[in-house]
1. Identify the residue in region 1-24 that is of a type in the set (Gly, Ala, Ser) and in a helix (DSSP H, G or I) and, among all such residues, is nearest to the chain's Cα centre (by Cα).
2. Among the residues of region 107-129, which ones are touching a helix residue (DSSP H, G or I) at 6+ places or on another chain (Cβ under 7 Å), crowded, with 17+ Cβ neighbours inside 10 Å and part of a helix (DSSP H, G or I)?
3. Identify all residues within region 34-54 that are surrounded by 12 or more Cβ atoms within 10 Å (Cβ to Cβ), at pLDDT below 95 and not in a helix (DSSP H, G or I); write none if there are none.
4. Could you please find all residues in region 75-89 being surrounded by 14 or more Cβ atoms within 10 Å (Cβ to Cβ) and more than 20 Å from residue 136 (Cα to Cα)?
5. Which one of 116, 51 is free of Cβ contacts under 8 Å to residues at least 24 places away in the same chain and in contact with a strand residue (DSSP E or B) (Cβ under 6 Å, 6 or more places away or on another chain)?
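The values are calculated or read from the model by the stated rules, or taken from the named source; none is laboratory data. Just so it is clear, the structure is predicted and the values come from calculations on it, not from any experiment. Quick reminder, even Gly has a Cβ in these numbers, built from the backbone with ideal geometry, and neighbours come from all protein chains shown.
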Amino acid sequence: MEPKRVLYVEDSESDAFFMRRAFQRASLPFELDVVGDGRAALAYLEGALARAGAEAVCCPVLVLLDLNLPVLNGFDVLQWIRRQPALSALPVVVFSASHFEVDRLRCLALGAVDYRVKPNDMTSLPELLQDLAARFLLKA
């Protein structure tokens with residue numbers, strides 16, 4: 001059986017590095033896949049849908065989405081995800097450096113299940129991931 005996957009859409013290599021380390025330290029039973037821009041995220045998800053065929057279930061089981069991305073921004077990616085019937089239940093958590101309330105409200109209106117501001121201290125990432133897993137991934 002293939003492990004469950006989490007897609008992290010992030011153009012900062014340093015942020016991706018810290019997220020990979022946080023996944024290891026959080027000891028979560030998921031694999032982390034990282035793509036660096038919005039177009040790559042859509043290609044990844046289109047590939048997952050193609051592999052799933054007619055089934056309603058496809059990987060990943062969660063998307064962590066940055067807003068400030070090259071090619072297609074996070075808002076565009078989120079809108080595209082929500083237009084795909086097979087991805088309607090896919091939890092998308094926006095994980096951004098933006099503290100602007102207007103960004104948070106727009107993401108929630110577009111269908112994000114949560115909006116998290118990236119912490120200044122990346123050592124808190126494992127706890128943040130455990131919280132997200134408990135809320136969105138580890139439910140029976």
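1. Looking at the filtered set, the residue picked out is 16.
2. Residues satisfying the conditions are 107, 110, 125, 126, 129.
3. If the condition is that a residue be surrounded by 12 or more Cβ atoms within 10 Å (Cβ to Cβ), at pLDDT below 95 and not in a helix (DSSP H, G or I), then no residue fits.
4. Those that are surrounded by 14 or more Cβ atoms within 10 Å (Cβ to Cβ) and more than 20 Å from residue 136 (Cα to Cα): 75, 76, 80.
5. When all the criteria are applied, what remains is 116.
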